[in-house]
Structure formats: C-alpha cells, structure tokens
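One structure follows; several queries about it will come next.
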Amino acid sequence: MGYTLPLAKGCADVMKVTLIFVMLFMCRHFITSWRSTWIGKYLIEFDDAVLIHKITAEVFFVAMWGHVIAHVINVENMINPDNYEEWRTAYPDEGTEQWDRWHVYTTPIAITGILLTVGFT
C-alpha cells in the first residue's frame, strides 16, 4: 500500500542489528578477546566501546521512530475510505468491512508495539 511498509521493514532491520551491537559492545569478555585480533587492531577501536554503545543506541532510537511513523502512515492509508479497493486486495480474508482506527490500534500486535515504543523511549 505504498512506500511505508518497506520503510518500516528497513527500519526494523536496522533496529535488529543495532540492538545486537548495543549489547555486544558492553560485553567485557567479547571486547577482551577481540581486541587482539585484526578486527580490534585495524577495524574497530574497542577502547571506545562505551562511545560505540551510545552511538548505536542513538541509531536504534532514530530507526525505532522511523519504524513507528512509517506504520502510522500505513495505517492511516489503510483505513482511508478512498482506498477501499486496495484494502480489499491487501486483506481478502478480512471480510467486506474496512477496518477503522480503533480496530487497528487495539490488536495484540499494535498493543505490543506501543508498549515496546514506550519502554524503549
């Protein structure tokens, strides 16, 4: 239903990768064992692990809000009565009645997303 779904998926992938790095760069055993390898000597400065941790957390925050905004735009497009035919094509098994805003935002997936957004903010 537009560009917002691929944008939301891209932001979700960025969040997955950055969440791994947020935890990984604070793991002392990881830093100690990788510091002596070529990665630690030439690629990543592990002495700045706290700085890398903070930067990846900021990237996660931006990607999270990009993900949320893309989904909100997608929902608003989905519940627009002018897009009924596109909605029927995208959701053929949902009956003939188009969803409203309340139905979309009270699904278990939406409630989980809202709680995670509040928790990570």
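Okay, residues lined up against (1) under 22 Å from Gly119 (Cα atoms); (2) free of Cβ contacts under 8 Å to residues at least 40 places away in the same chain; (3) open to solvent by 60 Å² or more (accessible area, probe 1.4 Å); (4) not in a helix (DSSP H, G or I):
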site: Cys11; (1), (2), (3), (4): yes, no, no, no
site: His53; (1), (2), (3), (4): yes, yes, no, no
site: Val59; (1), (2), (3), (4): yes, no, yes, no
site: Ala70; (1), (2), (3), (4): yes, no, no, no
site: Ile73; (1), (2), (3), (4): yes, no, yes, no
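When residues of the range 1-25 are filtered for being modelled with pLDDT of 80 or more and over 11 Å from the mean Cα position of the chain (by Cα), how many remain?
Residues in the range 1-25 being modelled with pLDDT of 80 or more and over 11 Å from the mean Cα position of the chain (by Cα): 9 in total.
May I ask you to list the residues in the range 31-51 that are of a type in the set (A, V, I, L, M) and surrounded by 11 or more Cβ atoms within 10 Å (Cβ to Cβ)?
Listed by number, the residues that qualify are Ile31, Ile39, Ile44, Ala49, Leu51.
Restricting attention to the range 99-115, and to residues there that are part of a helix (DSSP H, G or I), among the hydrophobic types (A, V, I, L, M, F, W, C) and surrounded by 14 or more Cβ atoms within 10 Å (Cβ to Cβ), which single residue is modelled with the lowest pLDDT?
Val104
In addition: Are any residues in the range 13-22 farther than 25 Å from Ala90 by Cβ and surrounded by 12 or more Cβ atoms within 10 Å (Cβ to Cβ), and if so, which ones?
Val17, Thr18, Leu19, Phe21, Val22 - these are the residues of the range 13-22 that are farther than 25 Å from Ala90 by Cβ and surrounded by 12 or more Cβ atoms within 10 Å (Cβ to Cβ).
Taking Asp82 as the residue in question, decide whether it is loosely packed, with under 12 Cβ neighbours inside 10 Å and either in contact (Cβ under 8 Å) with a residue 24 or more places away in the chain or not in a helix (DSSP H, G or I) (or both).
No.
Determine which member of the set Thr89, Thr96 is among the β-branched types (Val, Ile, Thr) and in a helix (DSSP H, G or I).
Thr89
Inspect all residues belonging to the range 23-30 and state whether any of them is open to solvent by 90 Å² or more (accessible area, probe 1.4 Å), touching a helix residue (DSSP H, G or I) at 6+ places or on another chain (Cβ under 7 Å) and not acidic (Asp, Glu).
yes
The values are calculated or read from the model by the stated rules, or taken from the named source; none is laboratory data. Nothing here was measured: the structure is a model prediction, and the numbers come from that model. Note: ideal-geometry Cβ built from the backbone for every residue, glycine included; neighbour counts use all protein chains shown. When the accessible area is computed, the model is the full protein with side chains, heavy atoms only, and any ligands, DNA or RNA have been set aside. Shrake-Rupley method; radii C 1.70, N 1.55, O 1.52, S 1.80 Å.
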